[in-house]
Amino acid sequence: MDLALVTRTGSTPENRVPRAAVVGALADARSASPQRIDRSVALTVSRGSDKTAHLRLERLARVVMAADSRVTDPMIAWSSNWAGMSVPTAEAMDRAIRNRWSSVSTRNAMRDSVRAVFRESLNAGILTHDQATPLLNALRPEKAVRDEEKQARGHVPADRLREVFHELASDPEPTARRDAALISLLVGGGLRRAEAAGADVADLDSNQETLLVRGKGGVVRDVPLAPGVRRAIRAWLDARGGDPGPLLNPMTRTKPRAAVIGKRLSTNAIAQIVERRFGGDVAPHDLRRTFAGDLLNSGADLSTVSKVLGHQNPATTAGYDRRGHSARREAVERIGVPFEDAVIQPACASPQV
């Protein structure tokens, strides 16, 4: 595998990776004996969710195709001998990543997918430490500069939230009770839309004060529910009924509308509900981001907020922090330093002769 020979130049359009190819590659990688996928690549996607594995395979192919203009078939990227890659080839990949993608976070995501192959090769003994280290160093992540204006974007103002909940309260239909419960879980519990879609009635504790949430990578966490969220869920359950099954359901098409017990809202349906209630400029993840910002503004520490959100790395949570320089200045002003000014004795005048 030599990707350093024919690199892309100019504004060559990026090749797309067909989803069917990604799905087929993952099936082969997770089989008892992969036939086409390189062992190092197979190890990289052998664990975790299908969604994460699909992303990793797609990014690997996109990086290779960006680095070498001869590669148009993603299978070439997945079947190549990654353990035999040279350091110059890894450096060529890093150059291709810098040239192809403008966002630091996107570039780092691409690098991480490549680095994951080297890490798994090292863990499996395919590469030695001395072999893996220069490969990993060739694709070191960039340090993103904190953009305080960007941090403030994507947060929904409190007055807009009040308007939406007021409109929902004015609507007597059970669909409004469901939508209010959904939005409450997103903005008052910080759930991802997939987590909200996957929630069951049985995940609520007996007092409906805590929700058991299954997050990314199968990680399970307890999410305490704010009083307003609890009231919204109780109002929805009064309309839905307490039958077991998915907590958030689609509604019947005919009136009087009722919850279709046993079926759960899809993630796409959740996005459509948020768009219908807020408009096209608000996405479900904006409500999660707003929840994180509100917690941090209330004085909660980063570690606590990270656990509530289900982030494994608090640095991810820090990306939701909308507090600027003034908040940091206010925090520093509360620190007491017992400095004392020195008492300076006035100099004695020289005696006159």
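All of the numbers you see were taken from the coordinates with simple rules; none came from a lab. What you see is a predicted model, and the numbers here were worked out from it, not measured in a lab. Cβ atoms come from the backbone with ideal geometry, glycine included; neighbour counts cover every protein chain shown.
Both radii were evaluated on the Cα set of region 158-323; the Rg over Rh quotient, with Rh as the Kirkwood radius, amounts to 0.95. Note: relative contact order over region 158-323, using C-alpha pairs below 8 Å and six or more positions apart, is 24 percent.
Rounded to the nearest angstrom and listed largest first, the equivalent-ellipsoid semi-axes of the chain from its Cα gyration tensor are 41, 40, 19.
Within a straight-line Cα-Cα reach of under 27 Å, Lys255 can be paired with the following lysines, leaving aside sequence neighbours fewer than 8 residues apart in one chain: Lys263. If I take all pairs of Cα atoms in region 19-138, what percentage of them are more than 20 Å from each other? So the portion of pairs separated by more than 20 Å is 37 percent. List the lysines whose alpha-carbon lies under 17 Å from that of Lys216, not counting same-chain residues fewer than 8 positions away? Answer for Lys216, where 17 Å is the Cα cut-off: Lys51, Lys307, listed by chain and number. Between Val332, Met85, Gly228, the Cα set farthest toward the positive side of the dipole of the chain (charges on each charged residue's Cβ, about the Cα centre) is that of Met85. Model label sites at Asp200 and Val343, defined 7 Å from Cα along the beta-carbon direction, differ in position by 7.5 nm.
The alpha-carbon positions of region 175-260 define a convex hull whose volume is 86 Å³ per residue. As a calculated quantity, the FRET efficiency between Asp171 and Val260 at R0 = 25 Å, using C-beta atoms, amounts to about 0.85. In this entry, region 81-233 is assigned a mean projected area of 13.6 nm², taken as a quarter of its C-alpha convex hull surface.
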